[in-house]
Structures are given as structure tokens and as C-alpha cells.
1. With Ser8, Ser23, Ser86, Ser52 as the choices, which residue is hydroxyl-bearing (Ser, Thr, Tyr) and out of contact with any helix residue (DSSP H, G or I) (no Cβ under 6 Å at 6 or more places or on another chain)?
2. Testing Thr204 on (1) open to solvent by 50 Å² or more (accessible area, probe 1.4 Å); (2) in a loop (DSSP other than H, G, I, E, B); (3) under 30 Å from Leu29 (Cα atoms), one condition comes back false. Which one is that?
3. Phe215 is checked against (1) at pLDDT 85 or above; (2) of a type outside the set (Lys, Arg); (3) in a helix (DSSP H, G or I); (4) open to solvent by less than 30 Å² (accessible area, probe 1.4 Å) and fails just one. What number does that condition carry?
4. Six or more apart or on different chains, Cβ under 9 Å: which pairs go from a residue in region 73-96 that's outside any helix (DSSP H, G or I) to one that's of a type in the set (Asp, Glu)? Could you list them?
5. Which of the following residues is modelled with pLDDT of 85 or more, in contact with a helix residue (DSSP H, G or I) (Cβ under 9 Å, 6 or more places away or on another chain) and either closer than 18 Å to Ser74 by Cβ or loosely packed, with under 13 Cβ neighbours inside 10 Å (or both): Leu173, Leu129, Leu180, Leu147?
6. Is it the case, given these coordinates, that Ile105 is out of contact with any strand residue (DSSP E or B) (no Cβ under 7 Å at 6 or more places or on another chain), closer than 30 Å to Tyr195 by Cα and in a helix (DSSP H, G or I)?
7. Can you name the residue in region 1-51 that is under 26 Å from Thr229 (Cβ atoms), charged (D, E, K, R) and in a helix (DSSP H, G or I) and is also nearest to the chain's Cα centre (by Cα) among such residues?
Amino acid sequence: FVILMQKSGGSRAYGDWAERKISSKKGALTATAGLGCLIFVDDYFNCLTVGSVMRPVTDKFKISHAKLAWIIDSTAAPVCIIAPISSWAAAVSGQLEGNGLMVFIKTIPFNVYAILTIIMVFVFCAFKLDFGKMKRNELVAETKGDLNAGETDLPTDEDASIVANPRGKVRHLLVPVIILIACCVGGMIYSGFFYDWDAGAYGTAVQSANVIDAFANCDAGTSLAIGATVALVLVSIYYMIEK
């Protein structure tokens, strides 16, 4: 799904647009954290999307790939665990007694780890704070231009072989992301209505009284598989129509 967005030129177009709008290192860092908070449906998709979209922008301002990875990882899971509509919310609420989703929502203000982590990311980005190994990575990236510097053995740029369509537009990134989020949420609702936990299979009998119950009763893993597959088909058709 992510490679399709890259080949369409949508990721490149968004990166070009962001480069024109962002004029400082602080802006690039904060924009990365902001985008990480916007894609809340699943932490894995968050990492893949934000990483591929924002890396050209952060590379321009000589931000190390280790710093980029830290920002992405520190917004992906913490945002998903406090978002009522996400794969994490569905998985957690499915383990709770009664109306699991409402219980999950009531626990959000007490999820101190997630809330403080997100706040810390924005503070570190706004004030360009670094320490320890991250500070050394950033110093090497800024002075020597080695964005892969550091103790982590990061792979070479595997995206170099991907040829992006030069006619790609920002909408070729935004539309697929919206479609994916809608399909994954729809997959969760479908799973909650028709997945029978006792039988361990999908049936025709309705298992939930309403949408909220359906979301709480869904099988998160299967829901994402269904949603992502449907989204992949729809986005492929969308790209063919857009040529």
C-alpha cells in the first residue's frame, strides 16, 4: 500500500509541498510529530506512512534517521492507545467486561505514559533538545551530512529503486490514506457485528446490538486485514482512473 503511494508520486508531491511550506529544522521536526498524531488508526501503518512521507523533508534539514525513527515511534503507539477508533482500542476493549469501549474511553485520561510521551516529543521538537546517543547522531548528521550515523546499523535507502510518477499530486497520498482509515474502521464494525467469538468464525447472526458494541467486540487483527485488502483494491482502481 505504501509502495503504491510512493510509485504514484503522491508521497513525493506531499514531500515537495511540505518542503515549500517548512522553512526550518524545528518546523520539520514538529510537522513529523504532527503527522504522526494524525494517522491514528494503526501504529504499523503510521510508522510506514509517516516515515516514507517525511523522510525527504527531514533529510533536507539534516535530521538523522535515528531522530526521525524516534519521533515516529514515539507518536505511533501512544496516539493509537489513546484514540477511541484504532486497532489498539479495538484490541483492548475486546478484553474488557461489559461495554469495553466505554471503559477504554474512560481510562484515556489515566494513560500517563502515552500522554507524557506525546507531550515530550513536541517539547523536544520545538526546542530541538537532544542528549546522549541521539545528540551525537544529530551532531554527525548536521556537521558531516551522515544521516545514518549512530550505533544503529540502519539499512541503505531501499526506496532509491522506486520510480515515482512525476505527475503525482498531493491528493494521490491523501485520498488513499482516507480510504484506508475508512475501510479499517468499517472492517472493525463489520467484524464486531458478524464475528462469533464462541465459534471462532464469521457467521450471519448479528453479534452486537449497536455500532459501539460492534467496535468493542471486533477481532482487531482480522478487521485490519479485511480493511487493508478492501482499501488496496479501491486505491488501485482510484490510481487506474487517475492514470
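The values are calculated or read from the model by the stated rules, or taken from the named source; none is laboratory data. This structure is a prediction, so every number in the text was calculated from the model and none was measured. Note: ideal-geometry Cβ built from the backbone for every residue, glycine included; neighbour counts use all protein chains shown. These accessible areas exclude ligands, DNA and RNA; they are computed on the full protein's heavy atoms, side chains included. Shrake-Rupley method; radii C 1.70, N 1.55, O 1.52, S 1.80 Å.
1. Values: Ser8 fails: out of contact with any helix residue (DSSP H, G or I) (no Cβ under 6 Å at 6 or more places or on another chain); Ser86 fails: out of contact with any helix residue (DSSP H, G or I) (no Cβ under 6 Å at 6 or more places or on another chain); Ser52 fails: out of contact with any helix residue (DSSP H, G or I) (no Cβ under 6 Å at 6 or more places or on another chain).
Exactly one of Ser8, Ser23, Ser86, Ser52 is hydroxyl-bearing (Ser, Thr, Tyr) and out of contact with any helix residue (DSSP H, G or I) (no Cβ under 6 Å at 6 or more places or on another chain), namely Ser23.
2. All conditions pass for Thr204, except number (3).
3. (1)
4. Ser86/Asp42; Ser86/Asp43; Gly94/Asp219
5. Criteria check complete, one pass: Leu129.
6. Details: out of contact with any strand residue (DSSP E or B) (no Cβ under 7 Å at 6 or more places or on another chain): yes; closer than 30 Å to Tyr195 by Cα: yes; in a helix (DSSP H, G or I): yes.
Against the criterion (out of contact with any strand residue (DSSP E or B) (no Cβ under 7 Å at 6 or more places or on another chain), closer than 30 Å to Tyr195 by Cα and in a helix (DSSP H, G or I)), Ile105 qualifies.
7. Filtering first and then ranking leaves Asp43.
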